[in-house]
Amino acid sequence: MTLPVAAVLCAPGTNRDNDVLFALQLAGASPVAILTNELLQNPSRINDADILVIAGGFSYADALGAGRLFAVELEHAVGEQISTAISERRPIIGICNGFQTLVRMGILPGTGQRAALGHNTSGVFDCRWVELEPSSKKCVWTQNLSENIECPIAHGEGRFTCDDDTLSNLQRNDQVALRYISTNPNGSVDNIAGVCDSTGVVLGLMPHPENHVVRRQHPQSHRGVSRGLGLSIFQSGVCYARR
Amino acid sequence: MVDVAVQTVPAIHRLTVRPAGDDPRCTVLLQDAIDLGITTLHSVQIHDLVFVRGDVTEQDRQQLQELLVDPLLQEASWNTFQATTQHVVESALHSGVTDSVAHELHRVAARLGVTIEAVATGKRFELNGALTHTDLDILVGKLLVNPVIENCAIDTAIIPAFADSGTSTTSGVSYVSIPSDASDEDLQKLNLQRGLAMDIEELRAVRDHYASAGAVARDIELESIAQTWSEHCAHKTFRASITLDDGTTIPSLINQLRDTTEIIDAPYVVSSFVGNAGIISFVPGTTIALKCETHNHPSAIEPFGGANTGVGGVIRDVLGASHLPIACTNILCFGTPTTQASDLPEGVFHPRRIRAGVIAGIADYGNKIGLPTVAGAVLYDDGYIANPLVYAGCIGVAYRPYHAQDPKPGDRIIVLGGRTGRDGLRGATFSSMTMDATTGDVSGASVQIGDPITEKLLIDVLGRGQDLFRSITDCGAGGLSSAIGEMAQDIGACVELSELPLKYPGLAPWEIWLSEAQERMVVAVQDTGALKDACERFGVEFTDVGFFTGDGRLVVHHGGNVVVDLDLEFLHNGRPQRHMHAVMPSPVRESMTPTQFSTKFGNIDVVDSLKRLLSHPNIASKAAVIHRYDHEIRGATLVRPLIGACADGHADGVVIAEPLDTHGIAIGIGVNPWFGVLDAERMALSVVDEAMRNVVAVGADPDSVALLDNFSWGDPRRSSTLGDLVAAVQGCCDAALAFQAPFVSGKDSLNNEYLGSDGERHSVPPTLVITAIAHVPDAESTVTPDLKASGNVVVLLGNTSLEFGASHLAIVHGVTDAGAVPAFDASAPRRYRLLHRAIRDGLVRACHDIAEGGVAVALAEMAIAGRMGVEMSSNLSVAQLFSESNGRFLLEVSPAHVDTIIEQFGDEAIVIGLVTSEQEMRLPNNQSVSIQELCSAWQEIS
């Protein structure tokens, strides 16, 4: 059986590419990193991928706003190819800076909806572990999850915000994929940590499930705690890509 | 109210971007203003400014606005200054200060089809409140604007300085006549005129060199020599011969440390005290590079930029040792946060401002480059008000055999990474150069602002090891002069400067040669093809500037003209050794008796003392700082800096283990400047011991530890200050021998002093930071300090004496003469080996080292971290509860293993309490205090 190919898209400043490559490998995909430079030269590389991943980091140093320039570059280089991938229901995930990028591109939450990721209410970059409740049966990355996910956040601009119409649309259309449980670390509206598009194949989330893919990565492993592997999100995506 | 008409220079377009909702930055600013003694500032708003120069159409503007402004988060307007608040302050970066936002906007505008000439950015502060002129000056000078890097305008629109890229346009070199019979007086005059900062022996050596060579000195050659021979680069004090007050002469300090490492002869040391970093190997096929640096002075004058580039510099050190960086550390020393604004010396930022800037600078670099910032310490003392200290460390790994290689004749010299500008030219040695006249308009030149993304790309190209190059070094202090000068040391080099890409036009050859622009590496390459391809793939600038020759000379050209022609043997080995005198300290060495303790401390209340200690800024929670750093990236931080039931306890050391590896490395820090003030030798012994304890406590093997030494000291030309340094080095060597733990690298930062209003020079406390990197043989048997389960037994390991000199109990009770600083415990090394065995055998549920505040604080920290109660048995006196004796730990042991532990450690282990499920700490004298209360004291924010 050939493994589904996962293309991890990276810009200058993307820095969690290795972490997500490792997670995808453990989840049963065959991951490959592709730089924006390489996409510009050969946009068709996207067409070979069964899964698209936009990795976290500080693409272009967050200059002009987190994800802004990455969005411009991706739109320019492979905007059409990404649209095709969505219409073919190939799963796409954007993590942290990748989520910010998908929102800037207008892919999330989707046509006619307005959302943004603003500065955390604390005003500063924050790195801490959070618990996430999967809450969408539409999203192919979360629909089969059986337990809450535990993993770290590491961002300064993760406050999900949107207008009232968009929020009620998201809720009505089952597009709220992940919610923060017990602590809302950044002031996101409705405790939203991740949303999917109206097709359910594109997920964007601020936390980093790729940093909890083996048991001992849990911060309370020394206290005997073992639960909430973020790996299961990637396994869901890989599983869907295989269907 | 101010109302100024729009004053835009033609073809400069200005966009003001305002946050649409609450801006948390403003709350912070208001608090900072209060700290500066300004209570009349009622509100402040911060806006971002973007300036675009060029003929842009209305449609272009629309496109730029869509790019720059998110309508859900921001509002924007073009070309308005209009103020609705009482005052408006605007700032923009000086020309030459790195502005990555401007750089990216310039690049992406072209992508959108918008042609613009140049971009600049700035900030706007809208202020309301009854501010006097003095208030406004203080706000602007100390809070809103940093004149070192920014211009500002008050109640009028700022005119930005644009930086344009280009290659050098000016040329020229001047000759300096140094007659062979020049007198000492003449030489000193030259020294002052040129700001060479050399001593008289060095000046004579330069005179005699040029006389014997029959050559006339070029000005840039003198700069290169002064740079190479500076304290910063040559470590003259550590290499000096030192005569003590009893007339004996001792080996140089650097040789004492090196000799100690040689005597220990540890099999895991691959390379020590040469090159950019120490290199060790705990596992066959894998080597680890480690380095720690200071960036003290830059952080005092521009806290963000100074700390930011300090991190960038030490990461390049590891990259320059051909290793892939994997983790960062930092140790920060600030003035007391409650310092009154009126007590600050002239021109000194408030400690809170320095702290905020430094922490933001460290977070910015580490988070953006994508390295976990895992270990460190934050210390507060009045001695750091004018001289904050910033230590930045980096650890790297290589998975193939490491072979240090020197460049060979014919190898090309390639400069990679960032562009060259005037960055750093006004630092240190060159402050009073006549050449500065040409840079008078660039007052920002002494400070570098880092560009972590450019450095990330350098890691992407170079981090995979030595396949692409033969030899590598980073561009740090002294820039290309130092980097190429060192690489060419044994063979010689021929360099042409005119092809180097510059940040802006107009740089003279000497500026290019000595620029300390960040994010540049120099490599020696036999065949440039593969490296060039890798650079193209990742978008890294690649410039061939010449080749290594084999003739032993350093020859530098600019546009074909020779600007430097120096004998490398003279440059590197021509400096006469410095001779210095030290007066050795004679510290108090007597410990206290119980009676003396009672006399000095009176009848102190244990709970009150414990709470005072827990809330002291040196001991209190550092969680707010740690959360600012990404410590999760790479997924390999197995024992994190924050641990326990609520992830808010402090770990002793941290452990890094790749997710699937069975082994890892531990990082521990030791530092105690308060001991240093009283007894530098015991301080050194104590902090090595502390660093050892911190790695052993998490599960590292005490027989596989490498150490880094970093000294921040006052002026060593004062013989008592040098005496303290000599004593500290002695302590380092003795401790290293006792633990058989070799030093592999180190750095000294001397002259951390300022001239007070009392006319006296004030030095920082002698601050020695020890970093221990240790092998963790079994990642599965690592241990954290949080209490785990009720019914378990708490065991005190080690020997407790009444040692209170410079203890934190003495500090919180204001007791100044509290006897001797804790002595080194010679039985510690044996005990640490036994403890390591017990941890590997799974006998230890929690382990915590005992440091500031003694047993009482350590136990409270374990209880807080585990949110468990503890009931102490009554066998410890009040003095024993707070003593800071070295060599001790607290262990949590299940009842089933207590006998084994007692048997193994004998008299050195005593049971002192039980873990309970009640949220209470019961003390020996029947007093008790709730864990919640302890937690609140510990989490008090200052």
TODO: Could you calculate the FRET efficiency of residue B:174 with residue B:896 from 1/(1 + (r/R0)^6), where r is the beta carbon distance between them and R0 is 56 Å, rounded to 0.05?
DONE: 0.10
- [ ] Can you send over the solvent-accessible area of residue B:57, 1.4 Å probe, protein chains only, in Å² to the nearest 10?
- [x] 70 Å²
Open item on the list: If R₀ is 22 angstrom, what is the calculated FRET efficiency for the pair residue B:250 and residue B:273, using the beta carbon separation as r and rounding to 0.05?
Closed with: 0.75
Open item on the list: Need one value for A:68-80: mean number of C-beta atoms belonging to other chains within 10 Å of its residues' C-beta atoms.
Closed with: 2
- [ ] Mind checking the full-extension length gain between residue B:342 and residue B:919? Use 0.36 nm per residue of separation minus the Cα-Cα distance, one decimal, nm.
- [x] 203.4 nm
- [ ] Grab the DSSP H runs of chain B that are 4 residues or longer, score each as -39,500 (n - 2.57), total them, divide by all residues and round the 222 nm result to the nearest 500 deg cm²/dmol.
- [x] -9500 deg cm²/dmol
Open item on the list: If I fit a long axis through the Cα atoms of helix B:219-228 and take the longest principal axis of the Cα atoms of chain B, what angle between them do I get, 0 to 90°, rounded to 10?
Closed with: 10 degrees
Open item on the list: Calculate the FRET efficiency for residue A:183 and residue B:907 from the Cβ-Cβ distance with a Förster distance of 45 Å, rounded to the nearest 0.05.
Closed with: 0.45
Open item on the list: Using only Cα atoms and rounding to the nearest 10 degrees, what angle (0 to 90) does helix B:452-462 make with the longest principal axis of chain B?
Closed with: 90 degrees
- [ ] Sort the following peptides by mean Cβ neighbour count (other Cβ atoms within 10 Å, averaged over residues), highest first: B:749-760, B:311-322.
- [x] B:311-322, B:749-760
Open item on the list: My understanding is that a pair violates if its Cα-Cα distance is over 25 Å; which of B:291/B:788; B:456/B:532; B:408/B:456; A:138/B:368; B:142/B:189; B:622/B:788 do that in this structure?
Closed with: B:291/B:788; B:408/B:456; A:138/B:368; B:142/B:189
TODO: Run the quick spin-label model on residue B:58 and residue B:533: label points 7 Å from Cα toward the beta carbon, then report their separation in nm to one decimal.
DONE: 5.2 nm
Open item on the list: Report the gain in length on full extension from residue B:78 to residue B:283: 0.36 nm times residue separation, minus Cα-Cα distance, nm rounded to one decimal.
Closed with: 67.7 nm
- [ ] Would you mind calculating the gained length between residue B:134 and residue B:565 on full extension (0.36 nm times residue separation, minus the Cα-Cα distance), in nm to one decimal?
- [x] 149.9 nm
- [ ] Under 1.5 on a/c is rounded, so check that first for segment B:504-553, then, if it is not, pick prolate when a/b is larger than b/c and oblate when it is not; a ≥ b ≥ c are the square roots of the alpha carbon gyration tensor eigenvalues.
- [x] oblate
Task: Ratio Rg/Rh [Cα only; Rh per Kirkwood] for segment B:114-160 - done: 1.07
TODO: Measure off 7 Å from each Cα along the Cα-to-Cβ vector at residue B:192 and residue A:147, then give the distance between these two points in nanometres to one decimal.
DONE: 7.6 nm
TODO: Pop out a list of residues from segment A:103-139 that are at least 50 Å² less accessible with all the protein chains around than in their chain alone; 1.4 Å probe, no ligands or nucleic acids counted.
DONE: A:114, A:125, A:127
- [ ] Provide the solvent-accessible area of residue B:918, counting protein heavy atoms only and rolling a 1.4 Å probe, rounded to the nearest 10 Å².
- [x] 100 Å²
Task: Candidates A:109, A:209, A:219, ranked by Gaussian network fluctuation over chain A, Cα under 10 Å, top entry - done: A:219
Open item on the list: For B:581, B:133, give me the order by solvent-accessible area with a 1.4 Å probe, most accessible first, ignoring ligands, DNA and RNA.
Closed with: B:133, B:581
Open item on the list: Taking just the alpha-carbon atoms of the protein assembly as shown, what radius of gyration and Dmax come out, in angstrom?
Closed with: 30.0, 92
Task: residue B:404-residue A:2 pseudo-label distance in nm [points 7 Å out on the Cα-to-Cβ vector] - done: 4.9 nm
- [ ] Calculate the radius of gyration of the Cα atoms of segment B:457-587 to one decimal place, then report Dmax, the largest Cα-Cα distance, as a whole number, both in Å.
- [x] 17.7, 62
- [ ] Can you run the Rg to Rh ratio on chain A? Use alpha carbon positions and the Kirkwood inverse-distance Rh.
- [x] 0.93
TODO: For segment B:20-89, state which trypsin sites (Lys or Arg not before Pro) are in a DSSP loop and have at most 13 other beta carbons lying within 10 Å of their beta carbon.
DONE: none
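The values are calculated or read from the model by the stated rules, or taken from the named source; none is laboratory data. These figures come from a predicted structure and were not determined experimentally. Please note: Cβ atoms are built from the backbone with ideal geometry, for glycine as well, and neighbour counts cover all protein chains shown. With ligands, DNA and RNA removed, areas are computed over all heavy atoms of the protein, side chains included. Shrake-Rupley method; radii C 1.70, N 1.55, O 1.52, S 1.80 Å.
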